[in-house]
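Engineer: Got a structure for you, written out below as structure tokens; questions coming shortly.
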Amino acid sequence: MAMKNQINPWLASNVWLLVLGMLPAFLLLAALIYFTAWAFSFSFTDLELVGRKSVNWSWVGFENYVRLWTRKGFLDALWTTVIFTFFSAIVGQSVLGFLLAGTLRTTKSNLRSFIEVAIMLGWLLPDIVAAFLWSATTSQTGLINNLIITPLGFKPVNFISEFALPVVTIANIWKGTAWSYLLFSAALDSVSREVVEAAKVDGATPFQRIWLVILPIIRPHIATNMLFITIWTFTYFPLIYALTGGGPGRQSETLAIFMYKQSFGTGKLGYGSAISVAMLLIVGALSLIYLRLLREPK
Amino acid sequence: MSDVQLTGVHKSYGNVPVLHGVDLTIKSGEFVVFVGPSGCGKSTLLRMIAGLEHITGGEVKIGGKVVNDVPSPQRGIAMVFQSYALYPHMSVYDNMAFGLKLAKTPKAEVDQRVREAARILQIEPYLDRMPKALSGGQRQRVAIGRAIVRQPKVFLFDEPLSNLDAALRGQTRVEIAKLHDTLDATMIYVTHDQVEAMTLADRIVVLNAGRIEQVGTPLELYRHPVNTFVAGFIANHTMNFVNVTPKGSSLTLPGGKTIATTNPQVAKAASLGVRPEHLGLTDVASAQFTGTIEVIEQFGEYALIHVLLADGNHLTVKLDGAPDLHLHTEVHVGLDPAVVHLFDAEGRALRSV
Ligand SMILES: Nc1ncnc2c1ncn2[C@@H]1O[C@H](COP(=O)(O)OP(=O)(O)OP(=O)(O)O)[C@@H](O)[C@H]1O
Ligand SMILES: [Mg+2]
């Protein structure tokens, strides 16, 4: 009894309090398992949102999964998602975030505060507001055309329909860089100044100091960051949907939008579930790779 | 040639001056120790020699060549940092080999130099370990090893032993002394530790608030400090100071007793300094001070007793062995006029010769 009290003085002394405290966690866990199991089960059915098959659905085995590979939509959306994730998150946000963190930490000026506020704004703005801003900026009558393209004597370009995926990618870089910036700022703070100076005395050029000393030291932070932003970007929905709706055509249709359209546009809940399970597996596999990276090399 | 010459070296951070003109010549092969209170600019000076800190004004020469604008690696220096600053993601071997590899040294030579340094420092068994798996003392050896393999003309140490425990510090101190003997390189060493300064240095540089107070051999500084600052700073146990009033060729001490002195500048004397080891207990008749014992610090080999005088002054007296004394008892303290230091009102020493 004495031991118990030592471990957790006031919680452990009252079992009911303990149960009460853990209840929210249990409920959350139960809900998670329930929804995952739900999606998993219905991915083997032909359930639809409305009509006859919303009530009289039947098991169809792996038919939905076969369709992922045989019908066009899924693989195209997967490719779009890979491009989008690679360029906006892995290249854009993380490289830009690292460069900003690296250069700004030595500057102690108003410029730093200005840039920090600017990138934080992108992060804090609601997706829908951000989408509106970007669409207003890049449309045929938008800011870029009015300020740059037209004055230079060119015909206005409708960026959002002619370069949908690049615009969405850049918008997401703008939106998500703050996270990488904050994470890398903290990571760089954890690198001892003397270690970097030792490398300098040892004759390392600035590039070698980054590549051979700083980056290896913050490797776990890089992997953590990759893990987060890959998961987020891979399943990212609102900004793209609000900006382009996946269009024009299917140019900016990522998996999240494809799934949404199949499930709620076309109403094929069974197929939509299969898409979401597939997304879950892909993201899970990527996470495993990153978690490997997180571990110390032998 | 690996002498280091500082001429009028200034340093400011923004418009805050930190070093106000330092002139110093360090001879080739000399072991020079920088001491001074925290924040006086020791590290800053060392880092300017290392090329890690921009030189605001003045000139730094290494081996006769102005290096103000020469990048660190080309200065022929190696630095050992207080925090060891080992590369945490590299093995001990790679830590030591890093600089050589960057300099595109042939592999065989890298290997030979690393193993030679490891042998000198007795860290051969750990070459494949990561720094994380080493004790503080072992890490410090690796850091020294990393400096040695570069075969620098000048070694720079910034408080290299301050993270080690007392026993290890003593041991490593002796090893650094041996190393200086073996390598015959110039060494500049920053420390807080009186013992390190006294035992390692060929010459000690006492810094205070961005200025050099005195440069000299440990014994010179101990015997002839130029001012009260150096007198109070150097040596293990702080010097005692009491105010005095000159009277002819003798001095009146607080408490009324007088001592005779041969110092020709006695008329300017304002205070008298005497080290604890130069005070002793005597009888009433020959004593200069009388007071009560406030604290006894017993070290075994010797004891320090803190005496409160009637006028409120304090004296520290060092007594050999374990004297049989009791707190709050009255004692009579005598001094030897031959080893006292006299200072004028500005704290400058009045040299007797
Ligand atoms: N990057 C900096 N910016 C502004 N001031 C600094 C900077 N680095 C050091 N200083 C100031 O310069 C002075 C000297 O610092 P320095 O580190 O040389 O002291 P130190 O003698 O090595 O002290 P310690 O014994 O505590 O290591 C200090 O007053 C410190 O506040
Ligand atoms: Mg220092």
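Engineer: Give the relative contact order (percent, whole number) for region B:83-175; include only Cα pairs under 8 Å separated by 6+ residues.
Structural biologist: Computed over region B:83-175, the figure is 37 percent.
Engineer: So which of B:K107/B:K153; B:K42/B:K132; B:K42/B:K104; B:K153/B:K178; B:K61/B:K107; B:K101/B:K153 end up more than 27 Å apart by C-alpha?
Structural biologist: From B:K107/B:K153; B:K42/B:K132; B:K42/B:K104; B:K153/B:K178; B:K61/B:K107; B:K101/B:K153, over 27 Å: B:K42/B:K132; B:K42/B:K104; B:K61/B:K107.
Engineer: Still on this structure, please answer the following. What do the square roots of 5 times the Cα gyration tensor eigenvalues come to for region B:240-343, in whole Å, largest first, as semi-axes of the equivalent ellipsoid?
Structural biologist: 25, 14, 11
Engineer: If you don't mind, there's one more thing I want to ask. Report the charge-dipole magnitude of the protein assembly as shown in Debye, nearest 20, computed about the Cα centre from +1 at each Lys and Arg Cβ and -1 at each Asp and Glu Cβ.
Structural biologist: Charge dipole, the protein assembly as shown, about its Cα centre: 2460 debye, nearest 20.
Engineer: Which aspartates and glutamates does A:K268 reach when only Cα atoms under 14 Å apart count, and residues fewer than 8 places away in its own chain are ignored?
Structural biologist: Hits, sequence-local ones excluded: A:D46, A:E48, A:E63.
Engineer: If I take every Cα pair under 8 Å that is 6 or more residues apart in chain B, average their sequence separation and divide by the length, what percent do I get for the relative contact order?
Structural biologist: Result for chain B is 15 percent.
Engineer: Compute a Gaussian network model of chain A, connecting alpha carbons closer than 10 Å, and tell me which residue from A:I115, A:I217, A:I33 fluctuates the most.
Structural biologist: Of A:I115, A:I217, A:I33, the most mobile in the Gaussian network model is A:I33.
Engineer: Additional query: Points 7 angstrom from Cα along the Cβ direction at A:A285 and A:T36: gap in nanometres?
Structural biologist: With each label placed 7 Å out from Cα toward Cβ, I get 1.8 nm.
Engineer: Restricting the count to DSSP beta bridges whose residues both fall in the protein assembly as shown, what percent are antiparallel, rounded to a multiple of 5?
Structural biologist: 75
Engineer: Among B:A303, B:Y222, B:T258, which residue has its Cα positioned farthest towards the positive end of the charge dipole of region B:218-324, with +1 placed on the Cβ of Lys and Arg, -1 on the Cβ of Asp and Glu, and the dipole taken about the Cα centre?
Structural biologist: Highest projection toward the positive end goes to B:T258.
Engineer: On to the next question. So how do A:116-122, A:227-233, B:40-46 stack up, highest first, on mean other-Cβ count within 10 Å? Please list the in-between numbers first.
Structural biologist: On the way: A:116-122: 15.0, A:227-233: 19.7, B:40-46: 22.1.
Descending packing order for the listed peptides: B:40-46, A:227-233, A:116-122.
Engineer: Given a Förster distance of 51 Å, report the FRET efficiency between A:S109 and A:I83 from their Cβ-Cβ distance, rounded to the nearest 0.05.
Structural biologist: Details: r = 37 Å, r/R0 = 0.72.
Result of the calculation: an efficiency of 0.90.
Engineer: Got a sec? Which residues in region A:243-264 would a label at A:K72 touch, if it sits 7 Å along Cα→Cβ and we count backbone N under 12 Å?
Structural biologist: It comes to A:249-251, nothing else.
Engineer: Reachable lysines from B:K247, Cα under 28 Å, same-chain residues fewer than 8 places away excluded?
Structural biologist: Reachable lysines: B:K257, B:K268.
Engineer: Here is a further query. Once Lys and Arg get +1 and Asp and Glu get -1 on their Cβ, which of A:A223, B:A197, B:S43 lies farthest toward the positive end of the dipole of the protein assembly as shown?
Structural biologist: It is A:A223.
Engineer: Using the Cα centre of chain B as the reference point, and only Cβ charges (+1 on K/R, -1 on D/E), how large is the resulting charge dipole? Debye, rounded to the nearest 20. Walk me through the intermediate numbers first.
Structural biologist: On the way: 33 positive and 35 negative charges, 276 e Å.
Using Cβ point charges on Lys, Arg, Asp and Glu, chain B gives about 1320 debye.
Engineer: May I pose another question? How high is the FRET efficiency from B:R129 to B:D184, r the C-beta distance, R0 25 Å, rounded to 0.05?
Structural biologist: 0.25
Engineer: Right, next: With +1 on each Lys and Arg Cβ and -1 on each Asp and Glu Cβ, and nothing else charged, work out how big the dipole of region B:240-343 is about its Cα centre, in Debye to the nearest 20.
Structural biologist: 580
Engineer: Which distance in Å, rounded to a whole number, links the C-alpha centroids of region A:238-281 and region B:322-342?
Structural biologist: Comparing the Cα centres of region A:238-281 and region B:322-342, I get a distance of 91 Å.
Engineer: Now for a separate question. Express the carbon and sulfur contribution to the solvent-accessible surface of the protein assembly as shown as a percent, rounded to the nearest whole number, probe 1.4 angstrom.
Structural biologist: Roughly 63 percent of what the probe reaches on the protein assembly as shown is carbon or sulfur.
Engineer: Taking amide H positions as placed 1.01 Å from N in the peptide plane, with prolines and chain starts having none, which residues 5 or more places from B:Q82, or on another chain, fall under 5 Å of its amide H?
Structural biologist: Those qualifying (amide H under 5 Å, at least 5 residues apart or on another chain) are B:D158.
Engineer: Right, something else. How high is the FRET efficiency between B:E330 and B:A209 when r is their beta carbon distance and R₀ equals 41 Å, given to the nearest 0.05? Mind dumping the intermediate values first?
Structural biologist: On the way: r = 40 Å, r/R0 = 0.98.
After rounding, the FRET efficiency stands at 0.55.
Engineer: Determine the order of A:L143, B:L183 by accessible area, beginning with the largest, at a probe radius of 1.4 Å.
Structural biologist: A:L143, B:L183
Engineer: Then there is this: Please list the helices of chain A that count as membrane-span-like by this rule: a mean Kyte-Doolittle hydropathy of at least 0.5 together with Cα atoms stretching 27 Å or more along the helix axis, each helix being a complete DSSP H run.
Structural biologist: Long hydrophobic helices here: A:15-42, A:164-189, A:269-294.
Engineer: Calculate how many DSSP beta bridges within chain B are antiparallel, expressed in % of all such bridges and rounded to the nearest 5.
Structural biologist: Bridges in chain B are about 75 percent antiparallel.
Engineer: Among B:A267, B:L279, B:A231, which residue has its Cα furthest toward the positive end of the charge dipole of region B:226-353, with +1 on Lys/Arg Cβ and -1 on Asp/Glu Cβ?
Structural biologist: B:A267
Engineer: Give me the inter-chain shielding for B:70-82: mean count of other chain Cβ atoms within 10 Å, whole number please.
Structural biologist: Across the residues of B:70-82, the mean count of other-chain Cβ atoms within 10 Å is 3.
Engineer: Averaged across B:85-96, how many Cβ atoms of other chains sit within 10 Å of each residue's Cβ atom?
Structural biologist: Shielding by partners across B:85-96 averages 4.
Engineer: Per-residue accessible area for A:W123 at 1.4 Å probe radius, Å² rounded to 10?
Structural biologist: Answer for A:W123: close to 100 Å² accessible.
Engineer: Give me the distance in nm between label points sitting 7 Å out from Cα along the Cα-to-Cβ direction at A:S192 and B:T25, one decimal.
Structural biologist: Label-label distance for A:S192 and B:T25, simple model: 3.7 nm.
Engineer: Who wins for biggest fluctuation among B:G273, B:G248, B:G63 in a Gaussian network model of chain B, springs between alpha carbons below 10 Å?
Structural biologist: Ranking B:G273, B:G248, B:G63 by mean-square fluctuation puts B:G248 first.
Engineer: Then there is this: Straight distance only, please: which lysines reach the Cα of A:K108 with their own Cα at less than 20 Å, same-chain residues fewer than 8 apart left out?
Structural biologist: B:K11
Engineer: Do the sum for chain B: with -39,500 (n - 2.57) for every DSSP H run of n ≥ 4, divided by all residues, what is the mean residue ellipticity at 222 nm, to the nearest 500 deg cm²/dmol?
Structural biologist: Details: 8 runs with 86 residues, N = 353.
Per the formula, -7500 deg cm²/dmol.
Engineer: What order do B:K257, B:K65 take when sorted by accessible area (1.4 Å probe), most exposed first?
Structural biologist: The most accessible residue leads, giving B:K65, B:K257.
Engineer: Hey, got the average number of other protein chain Cβ atoms within 10 angstrom for residues in B:148-154? Don't skip to the end; give the middle numbers.
Structural biologist: On the way: counts 0, 1, 3, 0, 1, 0, 0.
The mean count of partner-chain Cβ atoms within 10 Å per residue comes to 1.
Engineer: Same structure again: Springs between alpha-carbon pairs under 10 angstrom, Gaussian network model over chain A: which of A:F114, A:F237, A:F98 fluctuates most?
Structural biologist: A:F114
Engineer: Another question about this same structure. In whole percent, what relative contact order does chain A give with Cα contacts below 8 Å and a gap of six or more residues?
Structural biologist: This gives 28 percent for chain A.
Engineer: Sticking with this one: Mind jotting down the distance between the C-alpha centroids of region B:129-194 and region A:176-220, whole Å?
Structural biologist: Between the Cα centres of region A:176-220 and region B:129-194 lies a distance of 25 Å.
Engineer: Take the Cα atoms of region A:258-298, find their three principal axes, and give me the spread along each one in whole Å, biggest first.
Structural biologist: So the three principal-axis extents are 50, 12, 7 Å.
Engineer: Buried accessible area between A and B (1.4 Å probe, both chains summed, ligands and nucleic acids excluded), in Å² to the nearest 100?
Structural biologist: 1600
The values are calculated or read from the model by the stated rules, or taken from the named source; none is laboratory data. All values derive from a computational prediction rather than experimental measurement. Every residue, glycine as well, gets a Cβ built from its backbone with ideal geometry; the counts of neighbours run over all protein chains shown. Note: accessible area is taken over every heavy atom of the protein model, side chains too, but ligands, DNA and RNA are not part of it. Shrake-Rupley method; radii C 1.70, N 1.55, O 1.52, S 1.80 Å.
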